[in-house]
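What follows is one structure encoded as structure tokens, with my remarks underneath.
Each reported figure results from applying straightforward, stated rules to the coordinates on display, with no laboratory input. All values reported here derive from a predicted model rather than from experimental measurement. Neighbour counts are summed over all protein chains in view; Cβ atoms, including those assigned to glycine, are modelled from backbone coordinates with ideal geometry.
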């Protein structure tokens, strides 16, 4: 796959930390022209200092019009990874309209918005591109206190299937990657307490949480021509969580 990504332009939302950063760096290592879009100026600046050839752009994905303007100004892409996301942890009875709307705006609506611009340019330039949306095992299984998050990831899966259906005739593929708990820097802190992690780990047949690189490898595969006949798929990276 190394040769496949050389000189290709890939846009990654939420690409300056966690899984998104891991994807950005792997694509950079494989020779892609990487553009990272985020609303975190400090993390973008840090990424740019460490990797000067990675292009960075700051925008709030909740702003529909500004996001469209920004993405349109970035030009044409061969691939897109919608990695930006938010998890507001609230139980069903305490889930507020503000939390729900924010979650949907970032986790779902932003994917629609960014993908519309990128896919339209792919079609105009006859690019047989690939779009990968970061979903979650929470799209398939209810997680306690994750009301808005579960709802949003279910919507991501459904949106992606429609994208696959309508973009397929243009040679554009759309898939999701659905991880379990992933041990990003934040994930390690959140799940360090055995009292918190034991219940979740007991539901994962492989007995451990995921590593960032395991998700990255799956995304890279789906972006590449090694997955040329795969579209409309929700691919779990969950150690068997959804098999139980």
>> Give me 170, 146, 33 sorted ascending by neighbouring Cβ count inside 10 Å, so fewest comes first.
In response: 170, 33, 146
> Per the Debye formula with a single identical scatterer at each Cα and no solvent contribution, what log10 I(q)/I(0) holds for region 95-136 at q = 0.17 Å⁻¹?
Replying inline: -0.56
> If you project the alpha carbons of region 122-166 onto the principal axes, what extent comes out on each, in Å, largest first?
Replying inline: 44, 15, 13
> For region 130-244, what is Rg from Cα atoms divided by 2.2 N^0.38 Å, rounded to two decimals?
Replying inline: 1.12
>> Considering all alpha-carbon pairs of region 1-100, what whole percent are spaced by more than 19 angstrom?
In response: 45 percent
> By what distance, in whole Å, do the Cα atoms of region 55-142 stretch along each of the three principal axes, largest value first?
Replying inline: 48, 27, 20
> In percent, what relative contact order does region 4-98 have, based on Cα pairs under 8 Å that are 6 or more apart in sequence?
Replying inline: 32 percent
>> With a 10 Å cut-off between alpha carbons and a GNM built on the chain, which of 156, 132, 190 moves the most?
In response: 190
> How fast does region 1-50 diffuse by Stokes-Einstein, in µm²/s, taking the Kirkwood radius from C-alpha pairs at 10 °C and 1.306 mPa s?
Replying inline: 147 µm²/s
> Where the centre of each part is set by its Cα atoms, how far does region 56-87 sit from region 161-191, in angstrom?
Replying inline: 16 Å
> Taking neighbour Cβ counts within 10 Å as the exposure measure, how do 206, 163 sort from fewest upward?
Replying inline: 206, 163
> Any idea what the relative contact order of the chain is, in percent, if you count C-alpha pairs under 8 Å spaced at least 6 apart?
Replying inline: 19 percent
